[in-house]
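Okay, structure first, notes after.
Values in this text are rule-based calculations from the coordinates and carry no lab data. All values reported here derive from a predicted model rather than from experimental measurement. Neighbour counts are summed over all protein chains in view; Cβ atoms, including those assigned to glycine, are modelled from backbone coordinates with ideal geometry.
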Amino acid sequence: MPWSSRRTKRAAPAVISCLALLFAFVLAVSGFADEKRLTIYSGATSYSLTVREKDGTDYVGLVEILQPLGSVSARTDGRAWRLTYNGSDSEFTPGKTRARVQGQAFDLPANFLLENGRGFVPLSSLPSLMQRFLWIPVNFHEASRRLFIGNAGVHFTAQINKTNPPTLVMNFTSPVNPMIATEPGKLRMVFTREPLVPPGSQTLTFDSQAIPSATFQESNGAAEIAVSGPVPLFASFSNDGRTITITPAPQATAHAQAPAATPAVPVPAGRPAPQALPGATPAAVSSAVQYFVVVDPSHGGDERGAALSDQLAEKDVTLAFALRLRQQLQTRGLTTLVLREGDATMSLDQRANMTNAAHPAIYVCLHAASQGSGVRLYTALLPAGAEGRGPFLDWNTAQSGFRAASQTAETSLATELGKRQVAVRSLLAPLRPLNNITAAAVAIEIAPPAGKLADLNSPGYQQLVAESVTAGIEAVRDQLGATR
Amino acid sequence: MIPRHLVIGIAAMLAVALGMSFYAWRMRGRVTQAETPAEYAHPVAAPVQGPTEQVTLYVAYDDPGVLRAQSASIPLPAGRQERAQELLRALLGLYLDKSSSHPLGPGAELRDVYLVDPGLAVIDVNDAFADGHRSGVLVEELTVASLVQTLATGIPGINRVQILVGGRERETLAGHADLSCVYDVAALGQMVAELQ
């Protein structure tokens with residue numbers, strides 16, 4: 001087969017190149033996954049560096065460590081490697097442990113390493129070395145590779161509120177923005193940039209069945225708080241990112257309480273708990289509490305929304321109205337989660353993620369405008385998007401399966417607003433995150449009554465709209481509950 | 001003693017280097033003089049030639065918050081892409097007028113319209129268009145609906161439209177209307193019907 005063998009010979013280099021590339025890629029990926037990190041926290045900044053291993057010793061680049069903290073330069077001068085930090089010279093010799101740092105002799109625990117002009121020092125030398133460079137105390141958590149310079153540190157307290165359902169309130173001394181992951185029986189918050197200081201005890205226990213404990217641990221340049229519970233938990237931010245409130249998902253609360261001898265429906269404070277009907281099954285109880293409302297005051301933090309007047313920002317009107325609406329909903333016995341309770345910045349994706357994780361029956365997004373008058377209701381105008389694949393929904397058109405439920409809710413809200421002589425208009429809108437929500441989703445844009453901007457923030461007008469919205473949500477309880 | 005040919009060679013190279021430096025210096029001076037003042041930096045559209053045609057513009061009216069189909073006679077070039085640009089420039093001309101029913105911010109203009117692949121049109125507006133746009137769900141929705149519907153009606157065959165700002169994708173127009181997506185003209189038609 002001469003043709004075949006010639007073709008094989010021609011293809012061989014290409015195949016070998018592909019295999020080599022694949023091998024290099026696998027090596028790179030596996031290396032990345034196992035990458036050791038060092039995180040340095042100073043009062044002004046936090047940064048992470050890669051740790052490299054040589055002859056069983058961990059090393060880090062000295063210039064990379066000092067660069068964010070001051071003016072630094074380095075050069076190779078014959079055998080020596082000279083480093084100037086904030087005008088003071090230091091000298092290291094490759095392959096030697098003896099060095100001169102800021103004019104004084106210094107002994108490294110392992111040999112100094114010089115590669116491609118970059119100087120590396122042993123990781124274990126960092127506490128004393130950094131103290132010598134910076135002249136301020138340094139605290140090094142060597143096992144987790146976290147280095148605290150000066151008084152850098154964020155402390156936290158955790159307290160259980162025995163409300164129904166119970167909530168775990170964690171207060172931090174500075175704003176935090178952890179990566180949050182939920183898994184069965186656990187909510188994990190990973191802090192990569194915050195100098196989170198370990199609490200007195202690694203394990204915190206709470207007097208609550210829904211949230212019995214939380215553990216703190218640090219590893220590979222990050223800190224982690226894992227909150228455990230027998231039911232799914234979700235977290236919400238407030239107080240400019242200084243407070244994280246962890247709550248059991250409402251429907252899950254019912255499941256958790258189901259084995260109790262007398263199943264009880266969780267009700268908000270201020271209402272008597274309904275007596276369990278004879279023969280009521282836990283499933284029936286569960287379906288009753290699944291009617292759960294998420295209220296999203298749009299904008300917040302750096303994102304002010306529309307400037308309604310010189311003093312009035314949209315973000316403040318939406319928050320005030322959201323809190324009023326929650327009060328109304330809870331008075332009617334409807335469990336409600338408000339996505340932000342303070343002036344916190346939240347992305348649209350975060351809002352959608354938190355809502356979808358909470359599995360509400362209805363999501364209500366609040367906006368305010370100075371143009372026009374009355375209330376405008378919006379449901380999602382879905383963009384041209386991809387189809388869902390198997391159990392996965394396309395993010396941009398995730399709402400597609402819930403459009404009928406959204407329109408039902410919108411009609412009900414419009415009816416109740418109309419009954420109270422509030423001018424109302426129903427429209428479609430290309431308004432995120434409506435299209436990302438996997439539940440009935442309606443946006444409400446409140447404009448001033450009869451074009452009087454000053455009345456937009458008036459308690460009387462907001463109360464009237466809040467009552468109408470609450471009545472509208474309550475009226476479709478059975479329909480939306482059945483949809484779910 | 002330096003050889004004579006080496007001296008001549010070095011002298012010639014020095015002369016060439018000096019000559020080129022002088023030439024470069026002159027050129028730099030000319031470029032600096034020719035720089036356009038910032039206020040005239042935006043491109044000026046070429047005057048449109050061609051017969052005047054009757055087109056439908058979907059014009060936003062803030063006061064009742066509606067979109068109205070309005071006929072206009074504008075000169076349209078033959079090319080499909082150029083026609084798309086002229087249609088939207090005519091629409092923006094209405095909004096930039098002092099007595100506009102839906103005023104846009106100062107300096108708002110259309111950068112370009114691209115008819116990318118069959119059915120997809122990309123509208124590129126400048127940064128001033130979005131930065132100076134009033135914020136609100138309805139007011140932003142009216143702008144999006146007006147642009148997309150005017151384009152889809154005037155240029156047959158367009159079924160998807162994307163809006164870029166300054167050549168880049170942007171999350172929202174002014175905090176509300178989603179610009180990160182590609183609009184489906186058929187779905188948007190329902191929204192336009194509600195706005196009318």
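Most exposed first by the Cβ proxy, i.e. fewest other Cβ within 10 Å, how do A:79, A:326 rank?
A:79, A:326
Rounded to two decimals, what ratio of Rg to Rh does the range A:154-245 give with C-alpha atoms and a Kirkwood Rh? Please report the intermediate quantities before stating the final value.
Working: Rg = 12.2 Å, Rh = 13.2 Å.
Rounded to two decimals, Rg over Rh is 0.92.
If you find the alpha carbon centre of the range A:296-324 and of the range B:104-154, how far apart are they in angstrom?
Each part reduced to its Cα centre gives a spacing of 26 Å.
Based on the mean of other Cβ atoms within 10 Å per residue, sort peptides A:456-465, B:69-78, A:361-370, B:22-31 so the most packed one is first. Display every interim value, and only then the final one.
On the way: A:456-465: 16.9, B:69-78: 14.0, A:361-370: 26.8, B:22-31: 9.6.
The packing order, highest mean first, is A:361-370, A:456-465, B:69-78, B:22-31.
Tell me the net charge near residue A:202. Cut-off is 12 Å between Cβ atoms, residue A:202 excluded, with +1 for each Lys or Arg and -1 for each Asp or Glu. Present the calculation step by step, with values, prior to reporting the outcome.
Details: positive: none; negative: A:218, A:224.
Local net charge: -2.
Quick check on packing: order B:86-95, A:92-101 by the mean number of other C-beta atoms within 10 Å, highest mean leading. Write down the numbers at each step before the final one.
Working: B:86-95: 20.3, A:92-101: 16.6.
Highest-to-lowest ranking by the protection proxy: B:86-95, A:92-101.
Hey, got the average number of other protein chain Cβ atoms within 10 angstrom for residues in B:179-189? Write down the numbers at each step before the final one.
On the way: counts 2, 5, 10, 4, 4, 6, 1, 1, 6, 5, 0.
For this peptide, the per-residue mean of nearby foreign Cβ atoms is 4.
Taking the Cα centre as origin and putting +1 on Lys and Arg beta-carbons and -1 on Asp and Glu beta-carbons, what dipole magnitude results for the range A:36-149, to the nearest 20 debye? Display every interim value, and only then the final one.
Working: 14 positive and 10 negative charges, 11 e Å.
It comes to approximately 60 debye.
Which aspartates and glutamates, if any, have their Cα less than 19 Å from the Cα of residue A:96, not counting same-chain residues under 8 positions apart?
Answer for residue A:96, where 19 Å is the Cα cut-off: A:53, A:55, A:58, A:77, A:107, A:115, listed by chain and number.
Got a sec? How would B:169, A:218 order by Cβ neighbour count within 10 Å, fewest to most? The partial results should precede the final answer.
On the way: B:169 11, A:218 19.
Ranked by crowding around the Cβ, least crowded first: B:169, A:218.
Assuming R0 = 41 Å, what is the FRET efficiency of residue B:97 and residue A:73, from their Cβ-Cβ distance, to the nearest 0.05?
On the way: r = 60 Å, r/R0 = 1.45.
The calculated FRET efficiency here is 0.10.
Would you mind computing, in nm to one decimal, how far apart the modelled labels at residue A:37 and residue B:17 are, each placed 7 Å from Cα along Cα→Cβ?
Here the answer is 5.2 nm between the modelled labels.
Report the FRET efficiency, 1/(1 + (r/R0)^6), for residue A:86 and residue A:118, where r is their Cβ-Cβ distance and R0 is 22 Å, rounded to 0.05. Kindly include the intermediate steps, with their values, before the conclusion.
Details: r = 20 Å, r/R0 = 0.90.
After rounding, the FRET efficiency stands at 0.65.
For a test of the definition: using alpha carbon positions, the gyration tensor, and the 1.5 limit on a/c, classify the range B:138-196 as rounded, prolate or oblate. Intermediate results must be reported in sequence, preceding the final value.
On the way: a/c = 2.01, a/b = 1.26, b/c = 1.59.
In terms of gyration-tensor shape, oblate.
Mind checking which lysines have their C-alpha under 27 Å from residue A:162, skipping anything on the same chain fewer than 8 residues away?
Leaving aside lysines fewer than 8 places away in the same chain, those within reach of residue A:162 are A:186.
Can you classify the range B:52-195 as rounded, prolate or oblate using the Cα gyration tensor, where a ≥ b ≥ c are the square roots of its eigenvalues, rounded means a/c under 1.5, and otherwise it's prolate if a/b beats b/c and oblate if not? Before the final figure, lay out the partial values.
Details: a/c = 1.27, a/b = 1.12, b/c = 1.13.
Rounded shape, in that the Cα axes give a/c under 1.5.
What's the magnitude of the charge dipole for the range B:52-195 around its Cα centre, counting Lys and Arg as +1 and Asp and Glu as -1 at the beta-carbon? Answer in Debye, nearest 20. Let's see the in-between values first.
Working: 10 positive and 19 negative charges, 54 e Å.
Dipole size: approximately 260 debye.
Could you compute the net charge surrounding residue B:175? Neighbours are other residues with a C-beta less than 13 Å from the C-beta of residue B:175; K and R count +1, D and E count -1.
Numbers: positive: A:304, A:315, A:432, B:134, B:170; negative: A:302, A:303, A:314, A:445, B:131, B:140, B:141, B:171, B:178.
Charge balance near residue B:175 sits at -4.
For peptide A:297-309, how many partner chain Cβ atoms fall within 10 Å of a residue's Cβ, on average?
Partner-chain Cβ atoms within 10 Å, mean over residues of A:297-309: 2.
Could you list A:318, A:397, A:192 so that the one with the fewest beta carbons within 10 Å of its beta carbon is first and the one with the most is last? Present the calculation step by step, with values, prior to reporting the outcome.
Working: A:318 25, A:397 20, A:192 17.
Listing A:318, A:397, A:192 from fewest to most nearby Cβ atoms yields A:192, A:397, A:318.
Per residue of B:130-136, count partner chain C-beta atoms within 10 Å of its C-beta, then hand back the mean as an integer. Could you put the intermediate results ahead of the total?
Numbers: counts 0, 0, 0, 0, 5, 11, 13.
What the average comes to for B:130-136 is 4.
Tell me the angle of helix B:80-96 to the major Cα principal axis of chain B, expressed in degrees between 0 and 90 and rounded to the nearest ten.
70 degrees
Can you give me the long-range amide H partners of residue B:111? Hydrogens built in the peptide plane at 1.01 Å from N, cutoff under 5 Å, separation of 5 or more residues or another chain.
Hits under the 5 Å cutoff: B:124, B:125, B:126.
Roughly what angle does helix B:4-34 make with the longest principal axis of chain B, taking Cα atoms, 0 to 90 degrees, to the nearest 10?
30 degrees
Applying 1/(1 + (r/R0)^6) with R0 = 45 Å to the Cβ-Cβ distance of residue A:54 and residue A:201, what FRET efficiency is obtained, to the nearest 0.05?
Values: r = 37 Å, r/R0 = 0.82.
So, using R0 = 45 Å, E works out to roughly 0.75.
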